[in-house]
Amino acid sequence: MKYFIVTYGCQMNVHESEKIAGILEKMGYECCQAREEADIIVFNTCAIREGAEDRVFGNVGNLKKQKRKNKDLIIVVCGCMTQKSQTAQKLLNTFPFVDIVIGTFNLPKLGLYIEAVKKGRQLEILEEGDIDETLPYKRTSGDNAWVNIMQGCNNFCTYCIVPYVRGREKSRKAENILKEIKETVETGKYKKITLLGQNVNSYGKDIEGGLSFAQLLKEICKIEGDFKVSFMTSHPKDLTDDVIDVIAGEDKIEKYIHLPAQSGNNRILKMMNRSYTREKYLEIIDKIRKKIPDCRITSDFIVGFPSETEEEFEDTMSLVEKVKYDSIFAFMYSPREGTVASKMEEQIDQDVKNKRVNKLLALEKKLQRESDKK
């Protein structure tokens, strides 16, 4: 029996697909390179942008002929997109050949749903779930090992669906994280450990008497072995001086920080509920540059947020020019059903968003060419 996994979205989804692979291999399935060979196909989905959901619907629809040829083929759709009950129901209604539709918190029970398919289609969306420390996983990212340190988010940025599909912040116990990293490093296969969380800087705040993120980083660096540590993603409001100090002082931590700014304008930042100002963000950048001169800094930006004026967009351009990031990721604002921003007035025309995102990316290329010359 063979399986094929299609992964959309962030690094968290990539690691969860490793867990899906682990579950399937424990059940006796083997990985195959083409979906046409598979006995079970899993779509691990993303809900951050509309385009990601459209691709899922298109690719699931393309399996109709394969299902007709192989009636025993099991098709699973899971992840952030299907955590939204309305979208999950739409999938089942649109594609009667899909067997299992489950949300982000149902992953530990995947094996049970596969066994239950013999009795009929499976749909279950759990509202909340704890971190399951017993899940097996099959690492698939070369010499990099993803290590999830927490799940969920408490920030409720007005454009973001994550708190609704990933739940509130829950941190793994430090001893479990350290044990996983120690065992991973001891295999000798992995030279890089990447810590994952929607907001790694808030690690441990939900555990009374637990380690802070800075303390966790220090403990990880005590583990013997030849490896480097990195992490994603940081929220600027929670990037404290002690975290910057640990990065500066520990050789095992990569001198790299991904620090999403999202906008360079204070009014837009407030509407986004980002909880910092342009000035505060630049203050953090200044601290990083002073304490870690060789630090690579990257960022995310959203253009065309509701009511954003041309002048406010230019504030984002000037922030990028001032910071001179090593690279940026720029996205056009995409309304997500259920978020505060989707109900805001003055939604920006698609043509305007296109022009702005292209202008921002052109600036990034210009800055990179200047950096390359140096």
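Within segment 135-145, is even one residue over 21 Å from V14 (Cβ atoms) and of a type in the set (F, W, Y)? Among the residues of segment 135-145, not one is over 21 Å from V14 (Cβ atoms) and of a type in the set (F, W, Y), which makes the answer no. Going by the structure shown, is P96 without any contact (Cβ under 8 Å) to a residue 12 or more places away in the chain and within 30 Å of K343 (Cα to Cα)? Taking the combined requirement at face value, the residue does not satisfy it.
Among the helices (runs of 4 or more DSSP H) lying completely within segment 263-365, list those that include at least 1 residues that are open to solvent by 10 Å² or more (accessible area, probe 1.4 Å) and touching a Cys at 6+ places or on another chain (Cβ under 9 Å).
Helices (runs of 4 or more DSSP H) meeting the threshold: 278-291.
Identification of helices (runs of 4 or more DSSP H) wholly contained in segment 1-76 with 2 or more residues that are without any contact (Cβ under 8 Å) to a residue 40 or more places away in the chain and closer than 30 Å to D300 by Cα yields 50-61. The residue of segment 1-22 that is most open to solvent (accessible area, probe 1.4 Å), among those that are small (G, A, S) and within 16 Å of the chain's Cα centre (by Cα), is G9. Residues in segment 169-215 that are among the acidic types (D, E) and out of contact with any Cys (no Cβ under 9 Å at 6 or more places or on another chain): E175, E180, E183, E186, D206, E208. The numbered conditions (1) within 26 Å of E37 (Cβ to Cβ); (2) in contact with a helix residue (DSSP H, G or I) (Cβ under 7 Å, 6 or more places away or on another chain); (3) not in a loop (DSSP other than H, G, I, E, B) are all true for T87 except (1).
In a residue-by-residue description of segment 305-318, the property of being farther than 15 Å from C157 by Cα and under 24 Å from the mean Cα position of the chain (by Cα) applies to at least one position.
Here's the yes/no breakdown for (1) of a type in the set (V, I, T); (2) open to solvent by less than 30 Å² (accessible area, probe 1.4 Å); (3) out of contact with any Leu (no Cβ under 9 Å at 6 or more places or on another chain):
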{"residue": "A52", "(1), (2), (3)": "no, yes, yes"}
{"residue": "K65", "(1), (2), (3)": "no, no, yes"}
{"residue": "I102", "(1), (2), (3)": "yes, yes, no"}
{"residue": "L110", "(1), (2), (3)": "no, yes, no"}
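Criterion applied to K109, K138, K118 was being within 19 Å of the chain's Cα centre (by Cα) and not acidic (D, E), and the one residue passing it is K138. The sole residue among E224, E180, E219 that is farther than 25 Å from K291 by Cβ and surrounded by fewer than 16 Cβ atoms within 10 Å (Cβ to Cβ) is E224. Of T187, T233, T194, all but one fail to be touching a Pro at 6+ places or on another chain (Cβ under 8 Å), surrounded by fewer than 21 Cβ atoms within 10 Å (Cβ to Cβ), within 23 Å of S141 (Cβ to Cβ) and not aromatic (F, W, Y); the exception is T233.
The values are calculated or read from the model by the stated rules, or taken from the named source; none is laboratory data. Since we're looking at a predicted model, the values are computed, not measured. So basically every Cβ, Gly included, is an ideal-geometry build from the backbone, and we count neighbours across all protein chains shown. Heavy atoms of the whole protein, side chains included, go into the accessibility calculation; ligands, DNA and RNA do not. Shrake-Rupley method; radii C 1.70, N 1.55, O 1.52, S 1.80 Å.
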